[in-house]
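Accompanying notes for the structure given below.
What follows is calculated from the coordinates using simple rules that are stated; it is not laboratory data. The shown structure was predicted, so the numbers you read here are calculated from the model rather than taken from an experiment. Ideal geometry is used to build each Cβ from the backbone, glycine not excepted, and the neighbour counts take in all protein chains shown.
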Amino acid sequence: MQLLSDVKMFFNVKGSTKLVFTLFFYGLALGILAPMNAIYLSDEVGLSKGEVAVVFASSLTLKMIFTVTIGIISDKMRKRKRIPLIATIFCITGLLYYMRATDFTTALIGMSIATAPSGLIMGQLFAMSRIHYLRLVPTMVEMCQLWLRSSLSIGFFSGLLVGANLFLVATFEGVLWGNLVGYVLLLILLLSYKELDEPVTKVRAATGSGEPFSLTMLIALLLLASSDSLRGLYLPLVVNELFGKPELMSYLWSVQAIFELLFMTLAGYWAFKYGSKRIILAGSIFAFIVYITYMSSSSIIIFFIVQPFYSFYVSILLGVAMGYVQRMFINRTGFGSSLYVLIFDMAALIGYFTPLLIQGISQTIFRIPSIFVGIAMILILKELYVDYMKKRYHKSRIFEETV
């Protein structure tokens, strides 16, 4: 079976196991705190909805500046490992301060220090891994990237479970300490990883064909990512408002993560067979259905039932879309990976601020991601139509030349 053969080859590649665990612990660190972060600022620190949005937006603005600036510079570097290493140390320092937040100012400072460098971790880890596999197994780069992304999701899924149980046992303090431990484990693995030291020109020579640059698709991905960011911040608040149990969000995301792992590999093969744009469009349709459900249902059972549909969308947005953006800048690995992170950071800003147009915290917030996804689907359909017309024109020219 092709899948089993590919997975076996992936793990036989030198350094794969270490990269898998590195992404796993990064995901673990993210997952422990993610569903509780907004609630921590709201309930424990006592911030208003507007203040929570400002804290997230300010730290994300700094993160975007760091991510794109260092991403451009990193393409001129032969070794990148020191970038995520330094970033991880800053994240740990910021978390130690964030744990002691008592008001808006201290929360803002702590979150900014912990978040600003974090984009460098994910962006440079995937840039390093892409170069790693381009050097060793150039024919399997995209699937290797997807499986590393799956490792991050497994870590995130594990972090959700750990975070939920830490909250039940030790409340928010336990969650924050668990998050810190995740980053420490990431730091240890980064220190032990030996980055391959070969000329960048060899990597570029091994590179296959990329994707044509498309501003329309980048805008569509920004809208899709914005809808997901809005859900990531406000769904925990809505669930807490509806059911009064913040730990439910961890279990909801756990269900999503389980199916996400299954769909991510399948989505990678489907993208290879049918094209990335078509698969991204298919995932968008499922997301639209889920957002409509969030608006219309107040049953926690229904929320759990639709999670697999959202998993399909997320597996595409986080896996297929990442490879698609990287291939647009195939000879600038660091910038391509950083741009993907930047798109999600910009999306987070949009996702955090647009719900402020709606008073209070209610299910009506999900009208906004429904609109975002609807516009994105129109843009992708336009791109597919343009591609179809170009292909048709090319075939007609070939036919005329042969006649």
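The spacing between segment 60-109 and segment 326-361, judged by their C-alpha centroids, is 16 Å.
Rounded to two decimal places and with Rh computed the Kirkwood way over Cα pairs, what is Rg over Rh for segment 128-196?
Numbers: Rg = 15.9 Å, Rh = 14.0 Å.
Rounded to two decimals, Rg/Rh equals 1.13.
The length gained by stretching the chain between MET295 and LEU4 to full extension, at 0.36 nm per residue less their Cα-Cα distance, is 100.7 nm. Cross-link partners of LYS245 among lysines, defined as those whose alpha carbon lies under 20 angstrom from its own and excluding same-chain residues fewer than eight positions apart: LYS49. Our Cα-only numbers for segment 71-230 put the radius of gyration and Dmax at 18.4, 53 Å. The label point for MET140 and the one for GLU241, both projected 7 Å from the Cα toward the Cβ, are 4.8 nm apart. Summary of packing: across the peptides 273-283, 258-268, the per-residue average of other C-beta atoms within 10 Å ranks them, highest first, as 258-268, 273-283.
Cross-linked pairs LYS18/LYS81; LYS63/LYS277; LYS273/LYS382: Cα-Cα separations exceed 25 Å for LYS63/LYS277.
Mean sequence separation of contacting Cα pairs (under 8 Å, at least six apart), scaled by the length of the chain, corresponds to a relative contact order of 25 percent. Here is how the number arises for the chain: DSSP H runs of 4 or more residues each give -39500 (n - 2.57), the sum is divided by the residue count, and the result at 222 nm is -27000 deg cm²/dmol. In loop segments of segment 1-110 as defined by DSSP, the trypsin sites (Lys or Arg not before Pro) with at most 16 further C-beta atoms inside 10 Å of their C-beta are LYS14, LYS76, ARG78, LYS79, LYS81, ARG100. Cβ crowding within 10 Å ranks VAL314, VAL325, VAL45 as VAL45, VAL325, VAL314, fewest other Cβ atoms first.
Expressed in whole Å with the largest first, what are the equivalent ellipsoid semi-axes of segment 1-135 derived from the C-alpha gyration tensor as the square root of 5 times each eigenvalue?
33, 18, 12
The modelled label-to-label distance for the pair TYR274/LEU191, using points 7 Å beyond Cα in the direction of Cβ, is 4.7 nm.
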